[in-house]
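Below you'll find the structure, written out as structure tokens, and then a few comments.
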Amino acid sequence: MNRVFIALGSNKGDTEKNLRTALDLIGEECELIRISSFYRTEAQNMAHGHDQEFLNAGCEISTSKNAQELLFFLMEKKLKRRKILKALTISIS
């Protein structure tokens, strides 16, 4: 099993719900070992109009996926969420 740390951030819509949804999606195929507290941070070096606060968190997971498989899984979940929301901007990063 591989031990992996993932950083999460959201600055669109219901940011806490977005992070919790991301964690649920990750937990579908990976073992969530630890989840950090949620932290609000100011946007840094963002274009005007994209300067909303971010809500950030991190998690530690255990997975049998290698780095490439894990990246594909995470991107697939992110893209599915975008299609479901029919959003023009990504709400989970």
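Compute the signed sum of charges (Lys and Arg +1, Asp and Glu -1) over the other residues within less than 15 Å, Cβ to Cβ, of Ser37.
My count for the surroundings of Ser37 gives +1.
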Cβ-defined net charge surrounding Gly9, 11 Å radius [Lys, Arg +1; Asp, Glu -1]: +1
Extension gain (nm, one decimal) between Gln44 and Glu76, 0.36 nm per residue minus Cα-Cα: 8.8 nm
Estimated Rh, region 1-41: Kirkwood, alpha-carbon pairs, angstrom: 11.3
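Values in this text are rule-based calculations from the coordinates and carry no lab data. Not measured: the values here are computed from a predicted model. All Cβ positions, even for glycine, are placed from backbone atoms using ideal geometry, and neighbour counts span all protein chains on display.
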